[in-house]
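Here's the structure we're looking at; comments come further down.
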Amino acid sequence: MSEGPHITDADVDEYQRDGATVVRGAVSSEWQERLAAAIERDIAEPGPFDHSYDVEGGRFHGNLRVWQNDPDFAAFCLDGPPVAIARRFVDASHLNLLYDQLFVKEAGANHPTRWHNDQPYWPVSGRDVISIWVALDPTTAENGRLEFVRGSHEWDRWFQPESFGPNNGASAYERNPAYETIPDIEADRDAYDIVSWDLEPGDVYVFSAMTLHFAAGNATANRRRRGYTVRYCGDDVRYDPRVGTSTPVHVPGKVAGDLLDSEQCPVVYSAT
Ligand SMILES: O=C(O)CCC(=O)C(=O)O
């Protein structure tokens with residue numbers, strides 16, 4: 001495993017308390033170059049879970065499980081910096097890769113990533129589910145930095161998944177009666193404790209799967225915003241294919257209560 005970036009106890013405390021934090025300089029320029037090239041390969045010839053769309057002004061390139069289609073994404077997810085980062089933030093004797101995902105907002109793709117928390121979309125239960133979002137470009141309010149509702153990972157509120165594309169709100173997800181409709185956070189921002197950070201290339205956001213987050217559209221004329229997220233699960237996580245979860249993340253052959261260990265969700269760290 002590659003040696004990880006410097007992460008302090010205060011960073012870990014912030015993640016545990018607020019549900020989100022930032023690690024500066026987490027991904028070397030060599031890794032950034034490999035990821036940038038892999039992103040261009042996926043844009044030119046997308047893997048099977050492509051969920052890209054055009055909005056007025058620009059294109060959004062989204063895809064997931066891209067590590068299964070490209071050796072550089074695979075090396076990054078299985079043995080690269082995010083494994084060391086996840087190990088530092090999650091107290092785990094066993095870590096599985098859940099999946100990875102591309103979020104490329106080209107200049108002018110001025111469409112927000114709606115407020116949501118991730119875990120309602122995913123067929124997993126447990127608390128130790130962590131995402132590491134890698135910036136490949138300077139990421140600011142103008143081109144769609146991520147924003148988080150501080151502490152929302154502790155609310156235990158499961159919001160109904162909705163689609164993210166231009167048909168925002170028209171759900172591609174089955175409705176789960178146990179989930180609630182998400183409030184209109186954007187219309188009432190002052191009511192929430194929203195935190196955000198600008199990132200430089202190689203910086204990462206680290207956030208819990210239950211933390212509410214959002215990203216504005218890319219309102220710039222000439223700055224891309226390439227984000228690449230890798231997601232891991234720790235000891236307490238089990239397979240839980242609830243109604244409303246995202247089909248591409250389902251693991252064939254698994255039933256509720258199973259460990260995730262599989263070709264799709266490989267073990268990236270084990271203490272034993
Ligand atoms: O990059 C974005 O716009 C959204 C990212 C996101 O929602 C995630 O990584 O879970």
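Please treat every number below as a calculation from the coordinates, not as lab data. Just so we're clear, the structure is a prediction, and the values are computed from it rather than from any experiment. Cβ placement follows ideal geometry from the backbone for every residue including glycine, while neighbour counts extend to all protein chains displayed.
Would you confirm whether or not region 197-217 contains a residue that is at positive phi and touching a strand residue (DSSP E or B) at 6+ places or on another chain (Cβ under 9 Å)? Walk me through how you get there before you give the answer.
Within region 197-217, the first condition is being at positive phi, and the residues that meet it are 202.
Those left that are additionally touching a strand residue (DSSP E or B) at 6+ places or on another chain (Cβ under 9 Å): 202.
Yes, the conditions are met somewhere in region 197-217.
Could you run through region 85-105 and say how many residues are over 30 Å from residue 165 (Cα atoms) and either within 11 Å of the ligand (Cβ to nearest atom) or polar (S, T, N, Q) (or both)?
1
Of 50, 54, 70, which residue is surrounded by 18 or more Cβ atoms within 10 Å (Cβ to Cβ), of a type in the set (Asp, Glu) and under 21 Å from residue 105 (Cα atoms)? Give the steps one after another, and end with the answer.
Details: 50 fails: surrounded by 18 or more Cβ atoms within 10 Å (Cβ to Cβ); 54 fails: surrounded by 18 or more Cβ atoms within 10 Å (Cβ to Cβ).
The match here is 70.
Could you grab the pairs with beta carbons closer than 7 Å, sequence gap of 6+ or different chains, first residue in region 42-57 and free of Cβ contacts under 8 Å to residues at least 60 places away in the same chain, second one charged (D, E, K, R) and assigned to a strand (DSSP E or B)?
Pairs found: 52/59.
Tell me which of these residue 162 doesn't satisfy, since it passes every other one: (1) out of contact with any Gly (no Cβ under 8 Å at 6 or more places or on another chain); (2) within 15 Å of the ligand (Cβ to nearest atom).
Here residue 162 meets the rest and fails (1).
Within region 213-250, track down each residue that is near the ligand (Cβ under 10 Å from one of its atoms) and either surrounded by fewer than 22 Cβ atoms within 10 Å (Cβ to Cβ) or in a loop (DSSP other than H, G, I, E, B) (or both).
In the first step, residues of region 213-250 are kept if they are near the ligand (Cβ under 10 Å from one of its atoms); the result is 213-218, 225-231.
Within region 213-250, 214, 216, 217, 218, 229 qualify.
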